[in-house]
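See below for the structure under consideration.
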Amino acid sequence: MAKTRSVFLCQECGYKTTKWLGKCPQCGEWNSFVEEVESPADTAVSVHDTPGTGPIAIDKVEYSESSRFSTGIGEFDRAMGGIVPGQAVLLSGEPGIGKSTLLLQTAASLSVGRKVFYINGEESNAQVKSRAARLGIKTAGLYLLNDNNLEHVVSQIDTHKPDILFADSLQTLYSPRYASLPGSVLQVRESAHELISLSKGLGIPLFLVSHITKGGDIAGPKIVEHLVDTVLYIETDSRGYYRILRSLKNRFFSTDEVGFFTMGESGLTGIEDISTAFTSIHSGEVSGVAIFPMIEGNRVFPVEIQGLCTASQFNYPRRAADGIDLNRLSMLAAIMEKKLGANLSASDVYVNITGGLKIEDPALDLAVIFAVYSSLKNKPSALDTIVFGEAGLTGEVRPVFRMEKRLQESKRLGFKRAVIPFQQKGIKPPDGLSVLPVKSIEEGIALL
Ligand SMILES: Nc1ncnc2c1ncn2[C@@H]1O[C@H](COP(=O)(O)OP(=O)(O)OP(=O)(O)O)[C@@H](O)[C@H]1O
Ligand SMILES: [Mg+2]
């Protein structure tokens, strides 16, 4: 039996040392070293070593853009631009968010006319089958492989040569050549490396599920994120109704696009049209509302911002925000006091983003100010108007990114007016949408 030895591995970058260190000399991370046991005789040997082909002139390399193919799930394709042969994709997200559901749906969709392997180390075949039954999945091309041993998995893949490979999850796989437990830095790195080099060698796409840490980062060494071509992250809104699929990295497609889904009894359903998902239907006039043109990837959709001001019963008035940063709301309230003479020091201020979205785009500032001011003054809100612009501490309204796209889509969605930052008044609006450029929040509020 090979002799084992203890090493310390940085969980961030995989840097190896024989002594524990407080700070990683490679990536600079503090407290990232974890002790692992490895067998030195085996470390140099890969389970699956693909033979090198030697140098080849770049113009002799065969490649075709048409080799890209669809997952058959529209919103998945939208987020990652379809699949390229040999592409390694890592899917991560909070426990219970729907990683296995999305992966099983994708595997089933891809298994029509293809042999798809689904390595389910986390659940039994019966559990996966029961989920498949709930999701209404029946396909003959989908094969379950309930095994955690990397060597068995590799030999099965070598023998059966599937067309696509799924593994749920990376943290349950282990190589018997290492004494450390599944999920440890060494095992995660090894499993990722083996499966990726195997799938690249065979030219087949690989989808890996990965857990995340308490801090929300992908569990395991950072090197795994470098090894894969695409990193996808699935998250939810504050109410857990929607699932939003983002790509944090993609070597073959833009990372701007996102996919929207709802989670239900029959799994994840893509939402093609999200233009009404984040607004309410109001009968008649309403105050305390502003409509913000949110942009995600190439999609613009209106989001309703609600503000409420009430006389405060407390010594310190309350500020509560659902969907925006509370510090940002406090700052905007302070700017409103100073620049608009709004008496907010005696008012509790609540802000809510309809539909439970969390928005970090600073272009939202002006819409928040509109909603709060409209509630404070009981002035009806203009629901045919979109409002956007970043607010500065001196009350100035600053430019926002992707203005043209926001205007075009807002027009298409039926909005009539747009309150925009003055500095961007040169941008030609689409016919039928009138733009109202404002230099400051005072000018903006005058249009309310
Ligand atoms: N019978 C059911 N009806 C409706 N929704 C269900 C049902 N069973 C599970 N779900 C939904 O599926 C979610 C679990 O999905 P899934 O197992 O795909 O998540 P996961 O991200 O793979 O979780 P884990 O990290 O634990 O593996 C649940 O949180 C729930 O929302
Ligand atoms: Mg799962």
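Using the alpha carbons of the chain, what is the convex hull volume per residue in cubic angstrom, as a whole number?
So the per-residue Cα hull volume is 203 Å³.
Of Ile97, Ile73, which has the most accessible area with a 1.4 Å probe, and how do the rest follow in descending order?
Sorted descending by solvent-accessible area, the residues read Ile73, Ile97.
Solvent-accessible area of Thr139, probe 1.4 Å, all protein chains present, reported in Å² to the nearest ten, please.
50
Kindly sort Arg239, Arg319 by accessible area of their heavy atoms, largest first, with the probe set to 1.4 Å.
So, going from the largest accessible area down, we get Arg239, Arg319.
As an exercise, use a Förster radius of 35 Å and the Cβ-Cβ distance of Lys16 and Thr159 to find the FRET efficiency, rounded to the nearest 0.05.
With R0 = 35 Å, the Cβ-Cβ based efficiency is 0.60.
Of Ala334, Gly203, Pro162, which is farthest towards the positive pole of the chain's charge dipole, taken about the Cα centre with +1 and -1 on the beta-carbons of Lys, Arg and Asp, Glu respectively?
It is Ala334, whose Cα lies furthest towards the positive end.
If r is the Cβ-Cβ distance from Ser6 to Asp217 and R0 is 22 Å, what FRET efficiency results, to the nearest 0.05?
After rounding to 0.05, the efficiency reads 0.30.
Gaussian network model of the chain, Cα springs within a sub-10 Å range: biggest mean-square fluctuation belongs to which of Ala367, Ala57, Ala277?
Of Ala367, Ala57, Ala277, the Gaussian network model singles out Ala57 as fluctuating most.
Could you check how much of the accessible area of the stretch 289-446 is carbon and sulfur, as a whole percent, using a 1.4 Å probe?
50
Could you order peptides 179-189, 326-336 by the average number of other Cβ atoms within 10 Å of their residues, highest first?
Per-residue mean Cβ counts within 10 Å order the peptides as 179-189, 326-336.
Which length gain, in nm to one decimal place, applies between Thr139 and Glu235 when the Cα-Cα distance is subtracted from 0.36 nm times their residue separation?
The Thr139-Glu235 span can extend by a further 31.8 nm.
In the Gaussian network model of the chain, springs joining C-alpha atoms below 10 Å, which of Ile83, Ile281, Ile386 carries the largest mean-square fluctuation?
Ranking Ile83, Ile281, Ile386 by mean-square fluctuation puts Ile281 first.
Please check: in the Gaussian network model of the chain (C-alpha springs, under 10 Å), which one of Val387, Val61, Val224 has the largest mean-square fluctuation.
Checking each option, the largest mean-square fluctuation is seen for Val61.
What are the residues whose amide H is under 5 Å from the amide H of Lys249, where those residues sit 5 or more places off or on another chain and H is modelled from the backbone?
Counting only residues 5 or more places away or on other chains, the set is Val231.
Could you pull out the chymotrypsin sites (Phe, Trp or Tyr not before Pro) across the stretch 350-448 that fall in loop regions by DSSP (anything but H, G, I, E, B) with no more than 15 other Cβ atoms inside 10 Å?
Answer in residue order: Phe401.
Just check the stretch 224-293 against the gyration tensor rule for me: Cα atoms, a ≥ b ≥ c as the square roots of the eigenvalues, rounded for a/c under 1.5, and otherwise prolate or oblate depending on whether a/b exceeds b/c.
Note, shape of the stretch 224-293 comes out prolate.
Heads up, I need the accessible area for Lys16: 1.4 angstrom probe, whole protein in place, Å², nearest 10.
That residue has around 80 Å² of solvent-accessible surface.
What Cys residues in the chain have no fellow cysteine's beta-carbon under 4.7 angstrom?
Cys309
Between Asp325 and Gln313, what is the label-to-label distance in nm when each label sits 7 Å out along the Cα-to-Cβ direction?
Distance between label points: 3.2 nm.
For the stretch 187-279, which GluC sites (Glu not before Pro) are in a loop by DSSP, counting at most 13 other Cβ atoms within 10 Å?
When the GluC sites (Glu not before Pro) of the stretch 187-279 are filtered for loop state and at most 13 Cβ neighbours within 10 Å, Glu265, Glu272 remain.
So, taking all protein chains as they sit and a 1.4 Å probe, how much accessible area belongs to Lys377, in Å² rounded to tens?
Accessible area of Lys377: about 100 Å².
What is the dipole size for the chain, taken about its Cα centre, with +1 at each Lys and Arg Cβ and -1 at each Asp and Glu Cβ, in debye to the nearest 20?
Roughly 520 debye, rounded to the nearest 20.
Using a 1.4 Å probe, what is the accessible area per residue for the stretch 289-446, in Å²?
Roughly 44 Å² per residue, with all protein chains present.
Which of rounded, prolate, oblate describes the stretch 71-270, given a ≥ b ≥ c as roots of the alpha-carbon gyration tensor eigenvalues and a/c under 1.5 marking rounded, otherwise prolate only if a/b is larger than b/c?
rounded
Per DSSP H run of at least 4 residues, take -39500 (n - 2.57); add these up for the chain, divide by its residues and hand me the 222 nm value, nearest 500 deg cm²/dmol.
Here the helix-only value at 222 nm equals -7000 deg cm²/dmol.
Residues with amide H under 5 Å of Ser287's amide H, sequence separation 5 or more or different chain, H placed in the peptide plane at 1.01 Å from N; which?
Result for Ser287 returns Ser381.
Applying the Karplus parametrisation 6.51 cos²θ - 1.76 cosθ + 1.60 with θ = phi - 60° to the phi angles of the stretch 121-128, what ³J(HN,Hα) value in whole Hz is obtained for each residue in order, glycine and proline being reported as x?
Values, residue by residue: x, 8, 10, 6, 4, 5, 5, 5 Hz.
Please report the Cα spread of the stretch 107-148 along all three principal axes, rounded to whole Å, starting with the longest.
26, 21, 11
For Ser283 and Ile427 in the same chain, what is the full-extension length gain: residue separation times 0.36 nm, less their Cα-Cα distance, in nm?
48.5 nm
Provide the FRET efficiency to the nearest 0.05 for the Ala57-Lys249 pair, computing r from the beta carbons and using R0 = 30 Å.
In this case the efficiency is close to 0.55.
Restricting everything to alpha-carbon atoms, can you work out Rg to Rh for the stretch 289-446 with a Kirkwood hydrodynamic radius?
Rg divided by Rh gives 0.96.
Taking θ = phi - 60°, what integer Hz values does the Karplus form 6.51 cos²θ - 1.76 cosθ + 1.60 yield along the stretch 198-214, in sequence order, with x for Gly and Pro?
These are the phi-based 3J(HN,Hα) values: 5, 5, 5, x, 8, x, 10, x, 10, 10, 10, 8, 10, 6, 10, 7, 4 Hz.
The values are calculated or read from the model by the stated rules, or taken from the named source; none is laboratory data. All values reported here derive from a predicted model rather than from experimental measurement. Every residue, glycine as well, gets a Cβ built from its backbone with ideal geometry; the counts of neighbours run over all protein chains shown. Areas reflect the complete protein model, heavy atoms only, side chains present, ligands, DNA and RNA absent. Shrake-Rupley method; radii C 1.70, N 1.55, O 1.52, S 1.80 Å.
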